[in-house]
1. Using just the helices of the chain, give the 222 nm mean residue ellipticity in deg cm²/dmol: DSSP H runs with n ≥ 4 each add -39,500 (n - 2.57), and the total is spread over all residues, rounded to 500.
2. Scan the chain and note any complete DSSP helix (H) whose C-alpha atoms cover at least 27 Å along its axis and whose Kyte-Doolittle average is -1.0 or more.
3. Quick one: in region 113-178, what % of C-alpha pairs are over 17 Å apart?
4. Please give the FRET efficiency for D185 paired with Q84, using the beta carbon to beta carbon distance and R0 = 25 Å, rounded to the nearest 0.05.
5. Consider a paramagnetic label point 7 Å from the Cα of E98 along Cα→Cβ; state which residues of region 106-145 have an amide N under 12 Å from it.
6. Suppose a student asked you for the relative contact order of region 44-115, using Cα pairs under 8 Å spaced at least 6 residues apart; what percent would you report?
7. When ranked by the protection proxy of mean other Cβ atoms within 10 Å per residue, highest first, what sequence do the peptides 23-31, 104-112 form?
8. In nm, what is the difference between 0.36 nm times the number of residues separating A21 and D163 and their Cα-Cα distance?
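The values are calculated or read from the model by the stated rules, or taken from the named source; none is laboratory data. Being a predicted model, the structure only gives us computed values, none of them experimental. FYI the Cβ positions are ideal-geometry reconstructions off the backbone, even for glycines, and counts take in every protein chain you see. Heads up: the accessible areas ignore ligands, DNA and RNA and are worked out on the full protein's heavy atoms, side chains in. Shrake-Rupley method; radii C 1.70, N 1.55, O 1.52, S 1.80 Å.
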Amino acid sequence: GLGPVAEAYKIPAKINGKADADVKLSLSGKTPQEIISSLKAEIAGSLKDGVLEGLNLVQTSLGNIPMLPTLWEMVQPSLPPETQEDVKKGRTLIETAEVLAHMNGMTANVDRAEIVTRDVGVSAKGTVQVPEALNLVIDIHFQKEITSALVHKVSDLAALQDDQGKLYIPFKLKGSMLKPKTEPDAEYLSKKLLLNRGKEALEKVIDKNP
């Protein structure tokens, strides 16, 4: 599994599963600094039937939205039993995952990274300055079944559905590999939620004054 990588960098979450990777690597130079500076790599990896230990993506996504600070407490009881079990165990079961990236020196450019789970689909792109700096944009799309349960419980979430009717929450991952910091795209979410509330207020006015 990929657990040893997480342990080496002391990353809070660990991934285990059936992994395949194809790495094309080139190095040159005599000193360690020259070798690191010359590093070029192309990386393609995939994972099946994996487990993300120490992090539940549903809880992380819904529990970190400043505009809806009590959202997690409101929706948790309505989540499917399987999701509740994963939350309790602090894990995410991964069906498939893929990553395409290339490196120049100690900078990794994530061209495409995708994770598919029972509850959410996650895609990411951006850069990682190993091990100091993370700068990734992460899109989380909730599957339709869990979206329906969430919207039924909190109607405001309907404003965050995409064209396919899936709840969509964009995030930014910053900080370092040792202390990653995940935060939602506050500008996008505020705009969507405020527009929806404004629309509802306007509809009420229209209903009163046909």
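1. Roughly -9000 deg cm²/dmol at 222 nm, from the helical runs in the chain.
2. 186-208
3. Here the tail beyond 17 Å accounts for 48 percent of pairs.
4. Computed FRET efficiency for D185 and Q84 comes out at 0.40.
5. Answer for region 106-145: 112-116.
6. 41 percent
7. 104-112, 23-31
8. Answer, rounded to one decimal: 47.8 nm.
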